[in-house]
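Here the structure comes first, spelled out in structure tokens, and everything after it is commentary.
All of the numbers you see were taken from the coordinates with simple rules; none came from a lab. Nothing here was measured: the structure is a model prediction, and the numbers come from that model. Using ideal geometry, Cβ is built from the backbone for each residue, glycine included, and neighbour counts are taken over all protein chains shown.
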Amino acid sequence: MQTVLITGASSGIGLATAVELAKRNWSVLATMRDLERRSDLDRQARAANVSEHVIVRQLDVTNSQSIDSLVASVNDGPLDAVVHNAGISAGGAFEDLDDALVRTIMEVNFFDVHSRGGCYRNFGRSDTGAS
Ligand SMILES: NC(=O)c1ccc[n+]([C@@H]2O[C@H](COP(=O)([O-])OP(=O)(O)OC[C@H]3O[C@@H](n4cnc5c(N)ncnc54)[C@H](OP(=O)(O)O)[C@@H]3O)[C@@H](O)[C@H]2O)c1
């Protein structure tokens, strides 16, 4: 069975991808920044009869400590795939958007994947140095 980590699996595309891949016999590490928002995923995984293939863990992609904790706590690595789904967006004319908001969007949607994405390669290794 192959293992996939999905970020932002509490809703939308991330949630749907988690359930769909579990149905296709993947072992899914479904992560979300707030575990109190896991009920929709739990319900849909139960309905699809794939709960045993879906492990839910906390992960905020903007927080290096959160990534390190997850890497250190999981012994099932290495991962076969990572779905960098977590993201935020904003509506309205681009030039009218608040500058701080645009920077946050770029941090979450782009720089976090670039700067921190490599951390996920450490899954299942005993020499991660993660605390
Ligand atoms: N739907 C579209 O038409 C569309 C188009 C282009 C691109 N996208 C991109 O596709 C992805 C999924 O979109 P969606 O429509 O499914 O949106 P969504 O329902 O808003 O899902 C986004 C997910 O990202 C999570 N998230 C946000 N910041 C996070 C962080 N710092 N750490 C971990 N998780 C975080 C959210 O978690 P919380 O529940 O905690 O907020 C949520 O689960 C996003 O990256 C979005 O930008 C979507």
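Numbers for the structure displayed
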| item | result |
| --- | --- |
| Net lengthening on full extension, Thr104/Asp42 (0.36 nm per residue, minus Cα-Cα) | 19.4 nm |
| The chain - Kirkwood radius from inverse mean 1/r over Cα pairs (Å) | 15.3 |
| Least to most buried among Leu41, Leu97 (fewest other Cβ within 10 Å first) | Leu97, Leu41 |
| Under DSSP loop assignment and at most 13 Cβ neighbours within 10 Å, longest trypsin sites (Lys or Arg not before Pro)-free interval of the chain | 25-124 |
| Ranked His114, His84, criterion: other C-beta atoms within 10 Å, fewest first | His114, His84 |
| The chain: relative contact order in percent, alpha carbon pairs under 8 Å with at least 6 residues between | 28 |
| Neighbour-count order for Met32, Met1, fewest beta carbons within 10 angstrom listed first | Met1, Met32 |
